[in-house]
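Each remark here refers to the structure printed beneath this line.
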Amino acid sequence: MRRLPILLFLFILCHATLAQVKPVQLADSLFSTYYHQRVTHFRSLPHTSGDIIFLGNSISDGGEWSELFDDKRLKNRGISGDVSAGVMHRLDEVANRKPAKVFLLIGTNDLARGVAPDSLLKNMYWISSYLKEQSPTTRLYVQSILPVNEQFGKFGGHTSKRELIKQVNAELQAKAPEYGYTYLDLHAPFSDNTGRLKASYTNDGLHLSGDGYMLWKHLVYPHVLDLQAKPAILPAPQQLEWTNAVFPLYRTRSIVVQDPKLQQEAERLKAMLKERGIAVQLKAKAVPGEPSITLALGTIKAPQQESEAYTLEVTEDKVQLQANTAHGIFNGLQTLDQLMRDGSFILGSKIQDWPAYEWRGYMVDVGRNFQSMEMLKEQIDVMAKYKLNIFHFHLTEDIAWRLEIPRYPQLTAPEHMTRNKGAYYSVAEMQELIQYCKDRHITLVPEIDMPGHSAAFTRAMGVDMQSEEGLSYLKNILSDFCDTYDVPYVHIGGDEVEITNHDFLPQVTAWLHERGKKTIGWDPGGNLDKATYRQLWMQEGPVNPDYTYIESRHLYLNHMDPLEAVNTIFSRQLGDRVASGGNVLGAILCVWNDRNVLQQEDVLRLNPVYPGILAFAERSWKGGGYPGWIANIPVNNAERVKEFQEFEGRLTDHQATHFSDMAFPYAANSNISWQLFGPYKNKGNLSASFAPEKKNFKFKKPDAEAVGGTVVLRHFWAPLIRGVLEKPEENTTWYATTRFWSETDTIGHFWVGFQDLSRSYNSDTPDEGTWDNRNSAIFLNGNLIAPPKWKRAGQRGNAEMPLYDEGYSYREPVALPVKKGWNTVLVKLPVGSFKGKDWQNPVKWMFTFVPLNNSTETPTVKVLQ
């Protein structure tokens, strides 16, 4: 009875509203009681930020979206029986919420009621236009109308419209760019080989069963969470081939494992599945007809590190993981964990994988700043997830000796520590940590620094470590250590000290070797024997082929800007090789937070630890890289820019899915392009203004270009580390400009900075009213951006004075008014001398500007390419 009035309205509306998008008011009598029940319910619900709304008819109505995604942001706005006019009638309720995203699925009921495809399409375009006008930052995803299947003998009015559905879907796809929505093809994945709705996904030919909703979740998952279409595997496998198969993970009920050596890994996988709400049992054989995951030892060939290699194959009904060892199975499980990202299906794939480097390590310094067992385990868990296998544990320093030695309790007495007094690791805790690492196929390498960095030893024992008595004490300590702890290596330090007793290091290493331990020392350092591995930390150039090396040069996160860190580590050729072999074992990424911290978590917050670990995991597993050390994305090499952008896409996927509640100082920035103009001679007058600051300046061919949110013009370690400028000059000023797009007038949030203080140098904080000591400035749409109100403006550098808000990544983002359309950024970059006032205040000529998209008030930006 309501069919004709609705059809008449559609015809008039579609021809009257093309010029202007106005709210729709229809007679309530046109809609069912259920429709009104739902609409009034929706209008009474509280408004929340960041909503992701599923809007449509009974098919959307039937989805338990917040449960499917375990995410309260997902809201159901489906109404059984609804049509496109019904959505239009109630769309104001959706638009007024200013949701982050809307997933629209509508139209099958329209076609069943005889609405012409052209009229339905015009209503769909109206919905898109209205939503864009009322809520410009909302992203609309128009999902294709699902296929139907008449073979169930139900809903004949719907199931007879197979060809019309295809016609509407084709038009929706074609018009997506014009109307600014994203088209999602659900029709093809839900169709059988005849183009009908697969029988396994429905029981009536129109609506979806539970299996259907699991597939729907799988298909829209990356769009809901802003992820890439395929799972981001990090580190990238050596060989990966995607297939057309799809494995139904949610239906898995068994893990097939026969070898008792893999029991621990099978239990690990069982726990991974339990986290996704999937309960499985361990079985010796697969159940016929039931999807299963098999873990097995076999013979896997690899050009390097065969003990860690694995193969992984995902088919329609089975996941097969094979390796030579339990460690290889463990590595494969980390990859499988990433493939299982949505908890419903796994994309078909064939993987053959192995690490390029034998040593893939991460080091923390707890001598200077103590870290709790909980915080250490968190970092070890991240290491394990990304296949790192060496945990370098720097236990002793001038500040404190952190390891209990029962024979000499004075070593860990509070009065002999200058920070975190009384904080140390007991014998039991150290043993627990070693085992925690072993359970994750990680080798813990303890470092007892000697004879340098040993002031805490001197305070506690009353003698210098290099003295005869000090050496005697140390030998007792090392003997007790070797008797107590099951570790293959002991790191002895050996650097940054005047060697007064030339027998000291030879005696120490011989003492440890006699007790079955291998030794490692820093290079440059003291007089180490040939058997001791050298860990490189400073000098560039070729190394002695007679020694075995571990790379740590320019791998100190404490000196790196967060964005620079990811780029420079990703670019590295570790040990000047593309893979370990010969005299290069691999590399260790280090965090030396020399400066005191306000709280232990600041070590992870002030330093780009987790972004750095992921970049390092990629390079140390995958191998390759490029010679030399750089600070910026190499703008003149399109292939390398593309390579980094692909990696950054995977990195930020992991940031979103695995680090949402952890310190992860990074923001996607490889799409930001800069034009640089200069040099302008400032003759030492850093406040001097030049042509680019004038309103009528014509930005023509740039003098240099850059890519990225952080741009280093000249590094403080130049020329060892290259910046953007090929020949930087003192007493010059440069300008950099870019622009970004906003869908609306709003308040944007940005990372803005002109220095990134090392966490190891005792650098001064900026003076009040300045960004830095170079008179740097930044303008947005011609308006000067004021620097932060520093909490400790003008503070003279002091190792005991923690950093507070000096870095852009750990202070509040800058909030700025943004206009609809293009917004122009101009950065002024003066410099005087390249020599800082002292070594604690080096001149790192740089700036950072990054629009952030982590707030509902922040515009979605398109950066000028």
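Quick notes on this structure:
- Here the extension length gained between ASP483 and SER44 equals 151.1 nm, from 0.36 nm per residue of separation less the Cα-Cα distance.
- Cβ charges +1 (Lys, Arg) and -1 (Asp, Glu), total dipole of segment 311-367, debye: 40
- Computed from Cα atoms, the angle from the helix 3-16 axis to the main principal axis of the chain rounds to 60 degrees.
- Expected 222 nm ellipticity per residue - DSSP helices of 4 or more, -39500 (n - 2.57), all of the chain, to 500: -8500 deg cm²/dmol
- Rg/Rh for segment 391-517 stands at 0.94; both radii use Cα atoms, and Rh follows the Kirkwood definition.
- Each label point was placed 7 Å from the Cα along the Cα-to-Cβ direction; for GLU316 and LEU30 their separation is 4.5 nm.
- Dipole in debye (nearest 20) - the chain, about Cα centre, beta carbon charges: Lys, Arg +1; Asp, Glu -1: 3120
- Test item: Cα-centred dipole of segment 673-863, Lys/Arg +1 and Asp/Glu -1 on Cβ, debye: 620
- Exposure proxy ranking, count of Cβ atoms within 10 Å, fewest first, for LYS270, LYS694, LYS438: LYS694, LYS438, LYS270
- Antiparallel beta bridges, as assigned by DSSP with both residues in segment 359-482, represent about 10 percent of the total such bridges.
- Along its principal axes, segment 239-353 has C-alpha extents of 36, 32, 26 angstrom, given from the largest down.
- At R0 = 41 Å, FRET efficiency that the Cβ-Cβ distance of LYS285 and ASN476 yields, to 0.05: 0.15
- Fewest-first sequence of LEU336, LEU557 by Cβ atoms within 10 Å of each Cβ: LEU336, LEU557
- Chain lengthening between LYS701 and THR243 when straightened (0.36 nm per residue, less Cα-Cα): 160.3 nm
- Positive-pole candidate from ALA691, ILE633, TYR130, dipole of the chain, charges at beta carbon: TYR130
- Label zone at ASP204, where the point sits 7 Å out along the Cα-to-Cβ direction: segment 154-172 residues whose backbone N lies under 11 Å: 154-156
- Projecting label points 7 angstrom from Cα along Cα→Cβ for ALA688 and ARG419 puts them 4.2 nm apart.
- Under 18 Å from the LYS789 label point (7 Å along Cα→beta-carbon), backbone N, segment 745-767: 766-767
- Label-to-label distance, nm, for residues given as SER66 and ASP594 (7 Å Cα→Cβ offset): 5.2
- Angstrom value of the Kirkwood radius, inverse mean 1/r, which spans all Cα pairs in segment 3-224: 17.5
- In order along segment 402-411, the phi-based Karplus estimate (6.51 cos²θ - 1.76 cosθ + 1.60, θ = phi - 60°) of 3J(HN,Hα) comes to 9, 10, 4, 10, x, 5, 10, x, 5, 4 Hz; Gly and Pro are listed as x.
- Under a 5 Å amide H cut-off, with hydrogens placed 1.01 Å from N, LEU282 pairs with ILE255 among residues at least 5 apart or on other chains.
- Relative exposure of CYS482, CYS590, judged by other C-beta atoms within 10 Å (fewest first): CYS482, CYS590
- Share of Cα-Cα pairs in segment 801-857 lying beyond 14 Å, as whole percent: 73
- Rounded FRET efficiency, nearest 0.05, which uses the C-beta distance separating THR182 from ALA656 and R0 of 25 Å: 0.90
- Checking the cross-link pairs LYS820/LYS844; LYS318/LYS350; LYS72/LYS318; LYS283/LYS385; LYS122/LYS161 against a 23 Å limit on the alpha carbon distance flags LYS820/LYS844; LYS72/LYS318; LYS283/LYS385 as lying beyond it.
- Each residue of segment 696-707 was assigned a 3J(HN,Hα) from its phi angle through the Karplus expression (A = 6.51, B = -1.76, C = 1.60, θ = phi - 60°), giving 9, 5, 9, 7, 9, 5, x, 7, 7, 9, 8, 10 Hz with x at Gly and Pro.
- Column: log10 I(q)/I(0), Debye, Cα scatterers of segment 564-665, q = 0.09, 0.19, 0.20 Å⁻¹: -0.26, -1.01, -1.08
- When the charge dipole of segment 673-863 is built from unit charges on Cβ atoms (+1 for Lys and Arg, -1 for Asp and Glu) and taken about the Cα centre, the candidate among PHE779, SER760, ALA793 whose Cα reaches farthest toward its positive end is PHE779.
- DSSP beta bridge pairing in the chain, given as percent antiparallel to the nearest 5: 50
- Taking 0.36 nm per residue of separation and subtracting the current Cα-Cα distance, fully stretching the chain between LYS835 and GLU812 would add 5.2 nm.
- Summarising the strand pairing of segment 239-353, around 55 percent of its internal DSSP beta bridges are antiparallel.
- Backbone N within segment 796-835 under 15 Å of label point (7 Å from GLU726 Cα along the Cβ vector): none
- The overall shape of segment 673-863 is oblate: from the C-alpha gyration tensor, with semi-axes ordered a ≥ b ≥ c, the ratio a/c is 1.5 or greater and a/b is no larger than b/c.
- Segment 503-514 - phi-based ³J(HN,Hα) in whole Hz, Karplus 6.51/-1.76/1.60, Gly and Pro as x: 8, 4, 5, x, 5, 5, 5, 4, 4, 6, 5, 4
Only the coordinates and a few stated rules stand behind these numbers; no lab work does. Note that the structure is predicted; figures quoted are calculated from it, not measured. Reconstructed Cβ throughout: ideal geometry from the backbone, glycine too, with neighbour counts over all protein chains shown.
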